[in-house]
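One structure is given below, encoded as structure tokens.
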Amino acid sequence: MRFYTAIVHKDEGSAYGLSFPDLPGCHAAADGWNAIPAAAAEALDLWFEGQEDVEPSPIDVIRSRADVAADLASGATLMTVPYISADGALERINVSIERGLLRSIDSTAKARGMTRSAFLAAAARHEITGA
């Protein structure tokens with residue numbers, strides 16, 4: 001998993017805007033602070049479709065950039081965003097889990113029209129990325 005740095009902008013009366021200094025053209029918008037992780041995850045997924053992997057720059061390198069310094073001076077903030085690369089290959093694993101929790105997982109997954117595996121993958125992705 002890689003962590004990319006986002007610049008978060010917020011003008012009065014507008015949505016939060018995100019840009020990624022390491023990823024030209026990768027932008028996102030979120031109506032509220034709590035919606036930023038989902039917007040960032042979607043923007044990263046879209047940007048990396050058909051793109052080569054880009055190694056994220058260390059935070060001190062990002063901060064030393066003149067354009068980033070200017071954004072920060074005007075009130076923007078930096079946020080690190082985890083990115084889980086899209087790899088459609090499935091892998092079978094063996095997991096031990098408390099029986100009562102497993103029953104709850106299965107009933108919730110069924111109610112949502114999901115398989116146990118899909119539910120667990122979605123829950124893990126949400127826990128890791130906040131999206």
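Here, each number is a calculation from the coordinates, and none is a lab measurement. Keep in mind the model is a prediction, meaning the values are calculated, not measured. Neighbour counts run over all protein chains shown; Cβ positions are idealised from the backbone, glycine included.
Per residue, the convex hull around the alpha carbon atoms of the chain comes to 146 Å³. Proximity of backbone amide H atoms, modeled 1.01 Å from N, is registered between Thr80 and Ala6 at under 5 Å, excluding neighbours fewer than 5 places apart on the same chain.
Each Cα pair under 8 Å and six or more residues apart adds its separation to the average, and for the chain the resulting relative contact order is 30 percent. Ordering Val81, Val54 from the fewest to the most neighbouring beta carbons within 10 Å gives Val54, Val81. Spatially, segment 1-29 and segment 42-70 are offset by 10 Å when compared through their Cα centroids.
The gain in end-to-end length when the Val95 to Lys110 segment is fully stretched comes to 3.5 nm, 0.36 nm per residue minus the alpha carbon separation.
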